[in-house]
1. If I take all pairs of Cα atoms in the range B:37-248, what percentage of them are more than 25 Å from each other?
2. Using helices alone, what [θ] at 222 nm do you get for chain B, with -39,500 (n - 2.57) per DSSP H run of 4 or more residues, divided over all residues and rounded to the nearest 500?
3. Normalized C-alpha radius of gyration of the range A:55-115, against 2.2 N^0.38 Å?
4. With 10 Å bins from zero, work out the P(r) of the protein assembly as shown over every alpha carbon pair and list the percent per bin.
5. When Lys and Arg each count +1 and Asp and Glu each count -1, what net charge do the other residues less than 15 Å away from B:SER172, Cβ to Cβ, add up to?
6. Could you list, in their original order, any pairs among A:LYS40/A:LYS111; A:LYS136/B:LYS163; A:LYS184/B:LYS163; B:LYS7/B:LYS208; B:LYS7/B:LYS213 whose Cα atoms are separated by more than 29 Å?
7. What residues have an amide H closer than 5 Å to that of A:LEU140, excluding those fewer than 5 places away on the same chain, when H is modeled at 1.01 Å from N in the peptide plane?
8. Counting only trypsin sites (Lys or Arg not before Pro) that are in a DSSP loop and have at most 13 other C-beta atoms within 10 Å, tell me the longest site-free stretch of chain A.
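What follows is calculated from the coordinates using simple rules that are stated; it is not laboratory data. Since we're looking at a predicted model, the values are computed, not measured. In this analysis, Cβ positions are derived from the backbone assuming ideal geometry, glycine residues included, and neighbour counts consider all displayed protein chains.
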Amino acid sequence: MITCRDLCFRYGEKTVLDYFNLTLPEEGITALSGPSGCGKTTLLRLIGGLQRADSGEILGVSPNEIAFLFQEDRLLPWRRVQQHITDVLPRNRRGEAGRWLAFAELEGEAKSLPGELSGGMARRLALARCAALGGKYLLLDEPFAGVDAERAVRMLQRLRDMGTPVLLASHQAQILAQADWVIKLDGPPLRVCSD
Amino acid sequence: MSPDALKRGIRLLLPPIFWLGVWQLAAHLVGRELLLPGPVTVFRALGKLMQTRDFWLSAGLSMLRVFAGLTWGTIAGSLLALATHFSQWANAVLAPAVRMVRATPVVSFILLVYLWVSRAAIPAVISGMMVLPVVWGAVSSGLAGTDPALLEMGTAYRFSPWKQLRLIYLPSCRGPFISGLLTAFGLAWKSGIAAEVLCPPTHAVGTKLQAAKVALETADLFAWTLVVAALSLLLEKGLRLILERRAEK
């Protein structure tokens with residue numbers, strides 16, 4: 001179980017988290033919703049160990065047990081679609097690449113470069129790469145931005161079937177409707193409105 | 001012939017015809033072949049040189065020396081750039097030395113290196129020394145310009161340092177590296193020939209240039225100069241094609 005205890009974080013003069021407390025469920029899909037700029041991405045980055053809180057602590061998980069999907073796709077323009085998957089898989093699991101391409105419904109694009117993909121396809125590839133990396137927890141920042149609703153729901157179901165707990169930030173109503181828990185946030189500074 | 005092809009042909013031929021005309025006119029006005037031979041005399045001298053085995057041996061060995069210099073300079077410049085980018089200590093120690101090499105006139109190096117290595121090796125050593133700082137600068141700027149978002153992704157996705165280098169840093173350096181290498185090639189060629197002139201090896205274009213000057217064979221001097229320029233242009237074009245094809249792959 002991930003617990004955020006008394007987290008404080010500032011960007012210059014702006015207080016993003018001010019003694020923020022939250023305990024996340026151990027399983028299923030948990031969605032964070034809230035207005036843009038309220039601090040969802042910062043919270044995910046702090047939990048993922050990509051940034052350090054000014055004070056407070058995060059218990060129950062270490063950064064190397066987490067697979068993090070960035071808000072941007074961060075694909076390598078010179079690597080082909082399948083290589084993005086094999087790049088994060090250990091040598092003895094490289095044969096699984098096809099399974100992850102199927103997860104993202106990108107089987108026909110294995111040899112394509114990111115520049116040849118649509119925005120939605122690139123997002124699906126970024127999500128598949130993150131899921132292929134795996135870990136004790138998946139932290140996903142806007143995982144279905146630009147992905148059509150039907151496909152997004154199908155992919156969310158595949159994530160659920162993996163059995164790894166997921167914490168995602170999203171604005172999309174159809175994604176929030178599929179989540180097991182929705183935590184409504186507001187801010188800054190970030191605060192929980194309801195869960 | 002279509003009007004477009006005719007236009008293209010004229011556009012291609014007009015500049016060389018114009019400059020050959022200017023050259024012929026200047027030679028006519030000077031009136032002394034010893035000072036300025038006309039293009040006909042020079043091309044006749046070039047034709048004669050090309051019939052000798054020595055011409056091809058000299059041109060081939062000069063190219064070989066320059067490519068040897070280009071190779072070691074590129075490898076050393078790239079390795080130094082990696083060292084100075086990733087280690088503050090290496091940067092503090094090595095970067096001033098590389099900048100010093102870049103700022104020093106090539107003639108000083110030629111004369112110094114003459115004291116240390118055999119004459120046959122000097123052009124390759126000098127070419128490499130001219131290439132090294134250019135490649136170092138190009139690779140360093142490529143490494144510094146690597147997208148930090150991609151590096152953060154590499155760290156978050158647990159890429160090993162070798163994988164970060166192979167998948168993120170090196171591809172990010174490709175553009176600056178190619179333009180740096182093309183600039184370095186021009187420098188390598190010019191400095192290599194200059195080294196051959198000042199420290200003449202047995203078979204070399206620079207040696208032939210020097211011999212033609214000493215013997216007051218001005219037509220031969222011009223002919224060898226044409227050879228140097230033509231080889232430089234051709235080899236640079238070839239190198240550009242190879243690098244661009246590799247980049248496309």
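1. 47
2. Calculated mean residue ellipticity at 222 nm is -28500 deg cm²/dmol.
3. Values: Rg = 14.7 Å, N = 61, 2.2 N^0.38 = 10.5 Å.
Ratio of Cα Rg to 2.2 N^0.38 Å: 1.40.
4. Reading upward from the zero bin: 4, 16, 19, 16, 13, 11, 10, 7, 3, 0.
5. Details: positive: A:ARG74, A:ARG79, B:LYS163, B:ARG166, B:ARG174; negative: B:ASP147, B:GLU152.
Result for the neighbourhood of B:SER172: +3.
6. Violating the 29 Å Cα-Cα cut-off are A:LYS40/A:LYS111; A:LYS184/B:LYS163; B:LYS7/B:LYS208; B:LYS7/B:LYS213.
7. A:LEU69, A:LEU167, A:LEU168, A:ALA169
8. The longest uninterrupted stretch comes out as A:112-195.
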